[in-house]
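What follows is one structure encoded as structure tokens, with my remarks underneath.
No lab work stands behind these numbers, since they all come straight from the coordinates. All values reported here derive from a predicted model rather than from experimental measurement. Neighbour counts are summed over all protein chains in view; Cβ atoms, including those assigned to glycine, are modelled from backbone coordinates with ideal geometry.
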Amino acid sequence: MTGSIPPPWVLRHPHWPLIALHVPLALQVPVYTILGMEGSPGDPVTAISAAVLAGGLQLRHSLAATRGERPPGWLWSLVALLLLADLPIWWIGADWEGFMIFAVASIVMLLHGRTRLIVIAAQILILPTQELLATLRDDGTVTSRTLILCAYALVVSLLFAASLVGGARLVRLVNELAATRTELAAAAVGEERIRVSRDLHDLLGQSLSAISLKGDLALRLLAKDACAARAEIESLTGVARDALRDVRAITRDEHAVSLRTEIDGAAALLGAAGVYTRLDVADLPPLPGPAQSALAWAIREGTTNLLRHSDAQTCAITLSRRDGTVRLEIVNDGVRAAARGSEPSRVAERAGGSGLSGVAERARAAGGTSAATVLGGRFLLSVEIPEEAA
């Protein structure tokens, strides 16, 4: 199978095989003319000059076709190529028929619609017409052999013309493939940056909030209860180590969150912050990975937002299931006074920032939805995920 894969240099420089394909096709007329394949030898200088001109015009058209466009002044170069291919054949003869390959290929590359069909039909008729007239002039009769040779020459010329058109199209596809691969690589890098940024935001937000809370508590206890302060400091270093381990896991895309662990952690953290927390998650269903991950991250982000952006005294975390959908609600009473008169969407934007965007992205990835709303002095974060999330 490896033998069918093009060499890397072909993929990097796809134009060179196409250019190489033009060389033997352009050499047909000089070789036939110099050797006198269809009669007496002709003028080599004229044949070589015509081959260089015809090959150059065709290569110009082919390279433009690899970009999906027509070159500037394409009409005049096409007319010049057709005249070069069609006029001399009437007195030079079949030695000149090789240029018909370039004429047909250029017509296909440059013309469109009905005009292309008409011009190709006219071009195709020139070769057999010339052959038949030459036969009648020399022998006075047309034999079956003559017809077979005419058909053979016509089919071979059309096949060579198709190879030029196909070669140009192949180069264009290779270029498009390379551009697509570049775009996909850039998109993958961008998505990975967004993932790392989002996961770090959601992960470190809660960890840093916990470190801050435990640090403040340790400072307050230091003068009153040195043993309790020491315990808080030891627990703070444990949180810092866990955060470092999680950061390393995120960079390798190996970080996994547990819904039950996040619920318990949120309750403990909110309790340490002095927020009365009510949990209603008794009917916790077994969920597939994507759904559990989306809900777990939502709890983590909701808890972080509460600690950073609210003055909450109470919080309720509710997890329910209905009609194949799991619904998570996190409600707190800590909407700050400066935000009470604002529009709900602006309050949610200030409260969540990019964190709520991450919650929404994860919910959509699991086939669900999320919403952040303000109800009086209460802030509600709700997430709905199908139980059978893919």
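Given labels modelled 7 Å from the Cα in the Cβ direction, how far is it in nm from Ser49 to Ile148?
Each label point lies 7 Å from its Cα, and together they span 4.0 nm.
Loop-only trypsin sites (Lys or Arg not before Pro) in the range 27-129, please: DSSP not H, G, I, E or B, and at most 15 other Cβ atoms within 10 Å.
Taking the range 27-129 and a limit of 15 other Cβ atoms within 10 Å, the loop trypsin sites (Lys or Arg not before Pro) found are Arg67.
Suppose the chain between Ala365 and Arg114 were pulled fully straight at 0.36 nm per residue; how much longer would it get relative to their current alpha carbon spacing?
Net length gain for the segment: 85.5 nm.
Efficiency by 1/(1 + (r/R0)^6): what FRET value for Ile34 and Ala179, r their Cβ-Cβ distance, R0 = 45 Å, to the nearest 0.05?
0.55
In what sequence do Tyr152, Tyr32 fall when counting other Cβ within 10 Å, fewest first?
Details: Tyr152 10, Tyr32 22.
Ranked by crowding around the Cβ, least crowded first: Tyr152, Tyr32.
Length gain on complete extension for the stretch Val156 to Ala80, per 0.36 nm per residue less the alpha carbon to alpha carbon distance? Don't skip to the end; give the middle numbers.
Values: separation 76, 0.36 × 76 = 27.36 nm, distance 2.31 nm.
Taking 0.36 nm per residue and subtracting the Cα distance, the gain is 25.1 nm.
Which of Trp74, Trp90 comes first, and how do the rest follow, when ranked by fewest Cβ neighbours within 10 Å?
By the 10 Å Cβ count, ascending, the order reads Trp90, Trp74.
What residues of the range 291-322 lie in the reach of a label at Asp280, counting those whose backbone N is under 17 Å from a point 7 Å from the Cα along Cα→Cβ?
Within reach of a label on Asp280: 314-322.
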